[in-house]
1. When we measure straight from the Cα of Lys83, which aspartates and glutamates land under 17 angstrom away, once same-chain ones fewer than 8 places off are left out?
2. I'd like the Karplus ³J(HN,Hα) series for segment 177-183: coefficients 6.51, -1.76, 1.60, θ = phi - 60°, whole numbers in Hz, and an x wherever there's a Gly or Pro.
3. Give the long-range amide H neighbours of Arg145: residues separated by 5 or more places, or on another chain, with amide H under 5 Å away, using H modelled in the peptide plane at 1.01 Å from N.
4. Modelled label-to-label distance, Ala271 and Phe5, 7 Å Cα→beta-carbon offset: nm?
5. Which residues among segment 124-148 fall inside the zone where the amide N is under 18 Å from a point 7 Å beyond the Cα of Val169, along Cα→Cβ?
6. How big is D for segment 162-305, in µm² s⁻¹ as a whole number, if Stokes-Einstein is applied with the Kirkwood radius of its Cα pairs at 25 °C and 0.890 mPa s?
7. What aspartates and glutamates sit close enough to Lys141 to cross-link, taking a C-alpha to C-alpha distance under 19 Å and skipping anything fewer than 8 places away on the same chain?
8. Within 10 Å, at most 10 other Cβ atoms, and a DSSP state outside H, G, I, E, B define an exposed site. Report the longest part of the chain free of exposed GluC sites (Glu not before Pro).
Amino acid sequence: MDFTFTEEQQAAAEAARAVLSGVVPDGVPSPALVPGAVAEDIDRPLWAGLASSDLLSLTLLPEHGGAGLDLVALCLVLRESAKVLARVPLLETCAVAMALQRYGDPGLAAELLPRIGRGELVLTAGSNGRSGHDPAELAVKARRRARTGTSGKDTAQGGAAATPADAAVGWVLDGMQSAVPWAQAADWIAIPAHTDEGRAVVALVRPAQDGVTLAEQVSTSGERFAEVRLESVRIDDRALIDGAGAWEWLRAVLTTGTCALALGLGEAVLAMTSQYTGKREQFGFPVATFQAVAVQAADRYIDLRAMEVTLWQAAWRISTGADGALPAEGDIAVAKIWASDGIRRVVQTAQHLHGGFGADTDYPLHRFHAWAKQIELSLGPAAAHEEALGNLLAAHLLD
């Protein structure tokens, strides 16, 4: 495998490093010291900086004001953002924008995508369902809405009988999505849902519209999340992304992007551990020279390299649509298994090698540990993806 990055992809990563160079992980209160969220809003100055550097439009087509790059480029940027614990919904906004561009209504895409690229709109996505254990699309029902030809009142199909003159005028959504990242700061929320026919679709809703309620939740990392409740929420046809495979593709992008976040965070933590153990002395020698310390650090380096190669394999499969012995979902599952297990081992070893400093709230390592736990469980822990991989292997016998 040759994962040499193109000049455009490398330029995107360099631009991200420049924008993120001034971000400090402890720019907000420690999640260990505040009872609620660490901040009321996302990092708006950083969001503006990402927009002005064209990083929010990275994967948009030129006709929408973008550079037309792929998921690999986005993952390179996400990797850099995780190294400083960037408090912005970069993954969610870009992933939903990509899904809208690929599967959504062309008119709505032309209306929203340029504004997304300029940083004028913030998007997020629900992907946890009710509990994070069941498929997210099963937590919300999308029913066709029709206008009766006699009374002019809207009726959800499956309710009152409709006349032949009735015309479909949109959809009605009922259900909920838990742990939606930064939903309070979002202008649009992508909600997976299922239709009467069992199809998975993605609905775009606005937090302020009738029937949408946000219940406050706080993530492990101390960020504002929300339980998004939908009660007879009406949307028009344009706001429903119902192309075949749209939700599955969006979920794949979100999962792979989460793996990129895990990789960047893990690399930052290992670098912190290397610097600390190189300076911390016992018996007159840096603890990094002790065999027990060096072996543990080496094991975590191997974890990171495995996380890296499986990430690029998954991102490449999604970006190119290339065939393989298993569907792309297999590579995504492998990447998330390594990301979830690997990031947990990296931060646990870092805590161990830092000693008491690892738990000191004046030292940033505990923040990385909290973010790592959030990333580990996002879009499913390792066990869930091991089960999915096992099902794929059973359905596609390999020679």
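1. Glu14, Asp26, Asp43, Glu223, Glu267, Asp303, Glu308, Glu376
2. For segment 177-183, the Karplus-derived couplings read 10, 9, 6, 8, x, 6, 4 Hz, x marking Gly and Pro.
3. It is Gln157, Val169, Gly170, Trp171, Val172, by chain and number.
4. Spacing of the two 7 Å Cα→Cβ label points: 1.3 nm.
5. Only 143-148 pass the distance filter.
6. Details: Rh = 19.2 Å.
Translational diffusion coefficient: 128 µm²/s.
7. Partners within reach: Asp154, Asp174, Asp196, Glu197, Asp210, Glu227, Glu231, Asp236, Asp237, Asp242, Glu248.
8. Values: sites that count: Glu40, Glu197.
Longest run free of exposed loop sites: 198-399.
The values are calculated or read from the model by the stated rules, or taken from the named source; none is laboratory data. Computed from a predicted model, the values in this text were never measured in an experiment. Cβ sites come from the backbone with ideal geometry, for glycine too, and all protein chains shown count toward neighbours. SASA here: full protein model, heavy atoms, side chains in, ligands and nucleic acids out. Shrake-Rupley method; radii C 1.70, N 1.55, O 1.52, S 1.80 Å.
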